[in-house]
Amino acid sequence: MVDSTRQLVFALSEPKPSPTVLTIFNAQGEKLFWSAPPEGAFFYYLTFNLSKEVVVVCSYPAKQNGWHDWFYSWDMKRNALSRSGPAY
């Protein structure tokens, strides 16, 4: 999925049965970030937030703070995924 706001490409891969790898590339095709899902979760799908940036939805088998599904965004400064809110 293309994040035109930040000029990035997000890809989920290695489906077994859910994707197990998130990779983020810059506009030149260089790999900027690679990650497995957060501990205890699995990658579910990619979508856009209100700022038109790509976010990944991660799902937990057991509810976390009342929700199974959570939005995670890529923090470019910290080079890490950060949980940004429940996905519903």
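Relative contact order, whole percent, for the chain stands at 18, derived from Cα pairs under 8 Å and 6 or more residues apart. Think of the chain as a dipole: +1 on every Lys or Arg Cβ, -1 on every Asp or Glu Cβ, centred on the Cα centre; then among M1, A62, S13, A62 lies furthest on the positive end. Per residue, the range 1-83 exposes 61 Å² of solvent-accessible protein surface, assessed with a 1.4 angstrom probe and all protein chains in place. Per the Debye calculation on the chain with a single equal scatterer at every Cα and no solvent contribution, log₁₀ I(q)/I(0) for q = 0.24, 0.26 Å⁻¹ amounts to -1.29, -1.46. Apolar share of the accessible surface for the chain: 54 percent from carbon plus sulfur atoms, 1.4 Å probe.
The values are calculated or read from the model by the stated rules, or taken from the named source; none is laboratory data. From a predicted model like this one, the values you see are computed outputs, not experimental measurements. Note: ideal-geometry Cβ built from the backbone for every residue, glycine included; neighbour counts use all protein chains shown. The protein model used for the area step is the full one, side chains on, heavy atoms only, and it has no ligands, DNA or RNA in it. Shrake-Rupley method; radii C 1.70, N 1.55, O 1.52, S 1.80 Å.
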